[in-house]
Amino acid sequence: MRGTDVLFAGFGGQGMLLAGKLLAHAAMAEGLEVSWLPSYGPEMRGGTANVTVCLASEPIGSPLLTRHAALVAMNLPSLEKFAPRVRPGGVIVLDTTLIERDPERPDCTVVRVDARRLAREAGVERAQNLVMLGAYAGATHAVPLAAVETAIHGEFSGEKARFAPANVAAFRAGVAVGADAVAAAAGRDA
Amino acid sequence: MTKILMKGNEALGEAAVRAGCVHFFGYPITPQTEIPEYLVKRLAQVGGTFVQAESEIAAIHMVMGASGVGVRCMTSSSSPGISLMAEGMSYIAACELPCVVVNMMRAGPGLGGILPAQSDYHQATRGHGHGDYQVIVLAPSSVQEAVDLMGLAFELAERWRNPVMVCADGMIGQMMEPVEFADGDGRGPPMPPNDWALGVREGRRRRIVNSLYLSPEELLAHNRKLKAKYDAIAATERRSELDAGAGGYDVLVVAFGTMARICRTAVDELRAEGLRPALFRPISLKPFPYPELRRALDAIDGDGPVLAVEMSMGQMVDDVRLAAEGTRRVLFHGTAGGVVPSPDDVAAEIRAALGAAVA
């Protein structure tokens, strides 16, 4: 693997920056080069928040990209703004809780995730970002799933350790959706 | 050594403490506020002092005072705050006191915006305040390099008794990347004994920190002494990097900081297509690596041009012209306002430069 990247985008407060950070931690633990570049403009205040994570086996050039291998979108403005920037053959993971329309990218693998329901079933409704991260990881296997789970335990440690199991469950629920979507796409192509 | 995932601003703060910095004076401003935020907690662990000053003007003069008594110290700010520090920078340089100043550049002029920029290049390299003085300016292009250059900055500040500026764009401050710190106990060495810091005399000769010379002959002698120091710095402290690729190049791209990484991605993509660009990255902006750049310019095949790429309307390009001394066509691409050129934008500019070279 030379490298890949993903843009996590949503409203401020949906946990997109944390999802990206967990992926970055997992990649670093696997010995990969990694960069985590957030949007930090005034748009963060009540608007969209996004972060670009680059993973590579070599030093990372530009941490800022205008074309992406994958997009994880948790709201409609993010999908509309960034779906056209996904490279052909890329992966688009979208949260159907807030996004009802299709990204109109037949050349990409689209993973539709009912993040709120899955997070609720996992036991913590706020872990919708972990469901989305799972769907991305399950669809792309950009990093080993176990490495992400280790990163989740690292984030939810000490006093927050009691939240770890539900967040891992949310992540795993997302992984299943991501893996199923890729299998279904492969079935269509065959 | 283990790698830690850290924001550039926090990594700079940690690097300062590990370089032995014990005093920080500053005033918050986006996009560098995580530096003071980090140091509030961290300096307390090493018995240091953190002061949030009432303004940037106060902060830089607190740095001057602390440095004058031989305390390893620093401040950090972003573009408009650095402008306010200009007077103090001139005084500190005049008094030959060591200190480190971080400028996490944002878009200007005026209050401008909070997004990344490189438009303080002229300010950093041509002086901030008045008078014939210079500061050493280092420009990191990754979080790890920011850490490494922070250690170097304190070293150079004391070697030359001169302010050193670490000049990065807001992206370096806000981005997280893995960093490694040298093994140690998490605190740096104390300031070595010196013959200039003020303090209790205890029988030694009186020391004076001063920048007022009413005798023109004395002031001329002081200026000549400073000039000799700056010449020695220019001769020994140039830092740069050239990626010439394999088998020659037809165009040379020059960029620093994060912009150099964006250019790196563009250069790699074009090389994969069989084109032959090279990339030169100044690491010390002052002293500017004129001889190194000139050698790289002379090695361009044929009459190929040089392309300076900046997050400004064109500032470092002046130094590229000085290095070229009219021997190469100097092209420029830049943006401002916090709009960062993408690898695709840069690739298009390099293509155009190559097309012009062929025509």
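The values are calculated or read from the model by the stated rules, or taken from the named source; none is laboratory data. What you are looking at is a predicted structure, and each value in this text was computed from that prediction instead of being measured. When we count neighbours, we look across all protein chains shown, and the Cβ atoms used for this are built from the backbone with ideal geometry, even at glycine.
Yes or no, residue by residue, for (1) at pLDDT 95 or above; (2) surrounded by fewer than 21 Cβ atoms within 10 Å (Cβ to Cβ):
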| residue | (1), (2) |
| --- | --- |
| B:R205 | no, yes |
| B:A221 | yes, yes |
| B:L226 | yes, yes |
| B:T236 | yes, yes |
| B:G257 | yes, no |
| B:P277 | yes, no |
| B:L297 | yes, no |
| B:E310 | yes, no |
So which residues in the range B:333-354 are among the hydroxyl-bearing types (S, T, Y) and either in contact with a Pro (Cβ under 9 Å, 6 or more places away or on another chain) or more than 9 Å from chain A (Cβ to nearest Cβ) (or both)?
B:T335
Given the conditions (1) over 30 Å from A:H153 (Cα atoms); (2) modelled with pLDDT of 95 or more; (3) facing another protein chain (nearest Cβ under 10 Å), every one holds for A:V51 apart from (1)
Consider the range B:48-64. How many of its residues are under 27 Å from B:P178 (Cα atoms) and either in a loop (DSSP other than H, G, I, E, B) or not assigned by TED's automatic domain parsing to the domain that holds B:I114 (or both)?
1
The range B:42-98, residues that are farther than 30 Å from B:K225 by Cβ and out of contact with any Phe, Trp or Tyr (no Cβ under 9 Å at 6 or more places or on another chain):
B:Q45, B:V46, B:G47, B:S78, B:S79, B:P80
Scanning the range A:23-32 residue by residue, those touching a Leu at 6+ places or on another chain (Cβ under 8 Å), at the interface with chain B (Cβ under 10 Å from one of its Cβ atoms) and in a helix (DSSP H, G or I) turn out to be A:A24, A:H25, A:A27, A:M28
Would the range B:268-286 turn up any residue that is assigned to a loop (DSSP other than H, G, I, E, B), under 18 Å from the mean Cα position of the chain (by Cα) and more than 14 Å from chain A (Cβ to nearest Cβ)?
yes
Cβ pairs under 7 Å, 6+ apart or interchain, first in the range B:120-132 and under 12 Å from B:S83 (Cα atoms) and in the same structural domain as B:G170 (by TED's automatic domain parsing), second charged (D, E, K, R) and surrounded by fewer than 21 Cβ atoms within 10 Å (Cβ to Cβ), ordered by first then second residue, are B:G129/B:E87
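What about B:G186, is it modelled with pLDDT under 95 and within 14 Å of chain A (Cβ to nearest Cβ)?
Spelling it out, it is not the case that B:G186 is modelled with pLDDT under 95 and within 14 Å of chain A (Cβ to nearest Cβ).
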Would a scan of the range B:67-77 turn up a residue that is part of a helix (DSSP H, G or I), at pLDDT 95 or above and surrounded by fewer than 24 Cβ atoms within 10 Å (Cβ to Cβ)?
yes
Output the residue which, of all residues in the range B:143-163 that are surrounded by fewer than 24 Cβ atoms within 10 Å (Cβ to Cβ) and not in a helix (DSSP H, G or I), is nearest to the other protein chains (Cβ to nearest Cβ).
B:N162
Can you tell me which residue in the range B:318-338 is surrounded by the fewest Cβ atoms within 10 Å (Cβ to Cβ), limited to those that are of a type in the set (V, I, T) and free of Cβ contacts under 8 Å to residues at least 60 places away in the same chain?
B:T327
The lone exception for B:K225 - which of (1) outside any loop (DSSP other than H, G, I, E, B); (2) in contact (Cβ under 8 Å) with a residue 40 or more places away in the chain; (3) of a type in the set (K, R) it fails:
(2)
Condition set surrounded by fewer than 18 Cβ atoms within 10 Å (Cβ to Cβ) and of a type in the set (G, A, S), scope the range B:24-49, selection nearest to the other protein chains (Cβ to nearest Cβ): answer is B:A44
May I ask you to verify whether A:V148 is assigned to a helix (DSSP H, G or I), within 14 Å of the chain's Cα centre (by Cα) and crowded, with 22+ Cβ neighbours inside 10 Å?
yes
Considering residues of the range B:1-23 that are within 14 Å of another protein chain (Cβ to nearest Cβ), among the aliphatic types (A, V, I, L, M) and not in a helix (DSSP H, G or I) only, the residue farthest from B:S142 (Cα to Cα):
B:M1
Here is a list: B:P109, B:P36, B:P28. Which entry is in a loop (DSSP other than H, G, I, E, B), in contact with a helix residue (DSSP H, G or I) (Cβ under 9 Å, 6 or more places away or on another chain) and over 18 Å from B:G338 (Cβ atoms)?
B:P28
